[in-house]
Amino acid sequence: MKTSIINGSEVSRLSVAIQSAGSLAELFLLQLRLSSGLTTKKRFLNLPVRVLVRRSLCEIICRNNLNGIVVEIQDPEHLTDLCSEEQDYLRQNLNHLLFAGAEVYADDVSPAWMKTLSGRKLPLSGMKVSRQQFLSQIDNYTFSHPRLHPSSDSATCLVAEGIETPEQCMLAIMLGFTHGQGWLWPANVWRFVLERSS
């Protein structure tokens, strides 16, 4: 039988990562319970990749009714750090979240990340572009309609955050965003662009 010796700093770093993921899952569950009954609108709650790759944590989360919950992958840039086994766990766990009633969005993605995420074939309900990313790209027309990238799933919602002027709202619609979040285009105004265009 082989034994491996791990030095103290590696054990400490490993236990902090595990504790941190567990603590974040507990925080998610606390937010879920505290926000229950406060609104009939969608509730957006963040989870990092390090929680979403852990089967045991996702199983605990999925024991709850997740209808009306949008789970946002808060650090999609860490998806490229995953080994193939972790990618498989991530796909399985995202499917479990969807089955439990949640929607799953990648948060704060850039046009380049949209292409990357589309290529990974993750079961995503949507992708969100931050206000800063949206405003920095509108002059360059980096985003394009009808889907921001042809390889993306047509069921994927594309959300522009920080829509605060009529001009920004119209520009987001013209650039192919299906949803907006902000003072002018609130999160509960869902899918009106697609309904108007059909």
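Of all the numbered requirements in (1) touching a residue at least 60 places away in the same chain (Cβ under 8 Å); (2) under 13 Å from Thr156 (Cβ atoms); (3) not aliphatic (A, V, I, L, M), Lys128 misses one, and that requirement is (1). Inspection of the stretch 121-140 identifies no residue that is open to solvent by less than 10 Å² (accessible area, probe 1.4 Å), at pLDDT 90 or above and of a type in the set (Ser, Thr, Tyr).
Applying the condition of being closer than 17 Å to Val159 by Cβ and of a type in the set (Lys, Arg) to the stretch 39-75 and asking which residue is most open to solvent (accessible area, probe 1.4 Å) yields Lys41.
Cβ-Cβ distances below 7 Å connect the following pairs, each with a first residue in the stretch 102-115 that is open to solvent by 20 Å² or more (accessible area, probe 1.4 Å), a second residue that is small (Gly, Ala, Ser) and not in a loop (DSSP other than H, G, I, E, B), and a separation of six or more residues or different chains: Glu103/Gly126. From the list Ser36, Ser84, the lone residue that is open to solvent by 30 Å² or more (accessible area, probe 1.4 Å), modelled with pLDDT under 90 and farther than 19 Å from Phe177 by Cα is Ser36.
Val193: in a helix (DSSP H, G or I) and modelled with pLDDT under 80, yes or no? So Val193 passes the test.
The values are calculated or read from the model by the stated rules, or taken from the named source; none is laboratory data. This is a predicted model, so every value here is computed, not measured. Every residue, glycine among them, receives a Cβ derived from its backbone with ideal geometry; neighbour counts consider all protein chains shown. For the accessible areas, the whole protein counts, side chains as well, though only heavy atoms, and no ligand, DNA or RNA atoms are used. Shrake-Rupley method; radii C 1.70, N 1.55, O 1.52, S 1.80 Å.
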